[in-house]
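Notes to accompany the following structure.
Quick note: the coordinates plus some simple rules give every number you see, no bench work behind them. Model, not experiment: these values are computed from the prediction. Here the Cβ positions follow ideal geometry from the backbone for every residue, glycine too, while neighbour counts run over all protein chains shown.
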């Protein structure tokens, strides 16, 4: 663990014991202690341990990474007991809103310090003990999920074969610095929707600005989990739309008629804050300041060919010498899923097949294979298949006649970098300037206006990244919706802790993600 990650953990622990300091000041005075002690980090918890009659070792246990947070929370609960607070909701208030509840206890005229002997006279029932333990566990798990790491499951084959469907991952939220939630008032352990009730799991009247403790940039070729940038507005129908067909894509499908989309789906169109947008996982192939270009399916960064993940797969055209492919056989022998096979055209013995580089070498030597070639998408042919032109970012067929295999060059915005605004690049950075960085931005009569002021340049406020799936022909990624802003980064995928396909995939368990 790096110094910045350790520091991030320490800051969270510090916040737990300093947030209630104002109320603690009044509580200390009621207990006969000097109030100023409440504002000295960790000395205040030493005083609470003494006032609550706890064993001194509880104070030292606070310094255990992560687990120490929950020791500090436990000390807060024990401390309110010596002020006669034994009810479940009182302990919940001490955990969830101590910064408010301690002020109430410390400065009202009714509550008084009864001491540890008075607290011992109260006996909790067995049911209450179990309820308290369950609530404490939920709070603990919620804090870990919010600030340290989160479990994530691979839902689609876009990262195959580096990551497989039903791989269960740990995602480190400290790898790039801990992101403070935009919506801190949320139901624990769920993302944006409450199960069963199908309603949003958060309150958005409190929406905090982007902040990241001990921020570090994403590194090129990291496997990253992030919030889908175009998930700010969603047609809330996961079966047909959601993140599969985005709101903006639905508008393009309607010929650019936004009103038509609202007439059809207005009742289920919703907006989401950054931290509640869908989580995606891809590989970061280009970082802020890079220039990306894709030539015949090969990614080039700043003019140099990028490393190809060894387990990545892409689409090939395989032609046999007459006999049809035996899908069951190749799945059994080579682990190629039958669902990845499609007959290109009946009667030609030509098939589309997803293969890794290693598998291409194997298949090219098989006696029934006549040829195997990459299936390269080139504009304008790719326009009809949905892999180029208006279907790919920035949806500009005048200045960006690109396809997913022949794309760019495109500059990835970097914080502090200044670009010259021209009609050619307007569509590329329009959403960055307007939506992600919060400006009004328009092009009128060949001139550009940022926040109503005419200008010919713009300086970026954030770093941006370019994400692509390792399964290059079966991935909804930056080629379709563009840049990922730094405030959308969730964390780094670090470890496969479990994997399942008709049973455990034992060889993948506890595999480090590369």
Order the peptides 443-450, 389-396 from the highest to the lowest mean number of other Cβ atoms within 10 Å of their residues. 389-396, 443-450
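Output the relative contact order of the range 3-147, whole-number percent, from Cα pairs under 8 angstrom with separation of 6+ residues. Write down the numbers at each step before the final one.
Numbers: 156 pairs, mean separation 39.5, N = 145.
Contact order relative to length: 27 percent.
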Jot down the radius of gyration and Dmax of the range 418-459, Cα atoms only, both in angstrom. 9.0, 24
Could you state the angle between the C-alpha long axis of helix 98-107 and the longest principal axis of the C-alpha atoms of the chain, as a value from 0 to 90 degrees rounded to the nearest 10? 20 degrees
By per-residue mean of other Cβ atoms within 10 Å, what is the highest-first order of 120-127, 367-374, 180-187? 180-187, 367-374, 120-127
Just order 160-172, 101-113 by mean Cβ neighbour count inside 10 Å, highest at the front, would you? 160-172, 101-113
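Note the direction-averaged projected area, equal to a quarter of the hull surface, for the Cα convex hull of the range 3-147, in nm².
Details: hull surface 33.6 nm².
Hull-based average projected area comes out at 8.4 nm².
With an 8 Å cut-off on Cα pairs and a minimum separation of 6 or more residues, tell me the relative contact order of the chain in percent.
On the way: 918 pairs, mean separation 74.9, N = 514.
Value for the chain: 15 percent.
Taking the DSSP beta bridges in the chain as the whole, what percent of them are antiparallel, to the nearest 5? Intermediate values should be presented prior to the final figure.
On the way: 70 of 70 bridges.
Here the share of antiparallel DSSP bridges comes out near 100 percent.
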With just the Cα atoms defining each centre, how far is the range 69-147 from the range 272-336? Give it in Å. 51 Å
Roughly speaking, what is the centre-to-centre gap between the range 382-433 and the range 463-493 when only Cα atoms are used, to the nearest Å? 15 Å
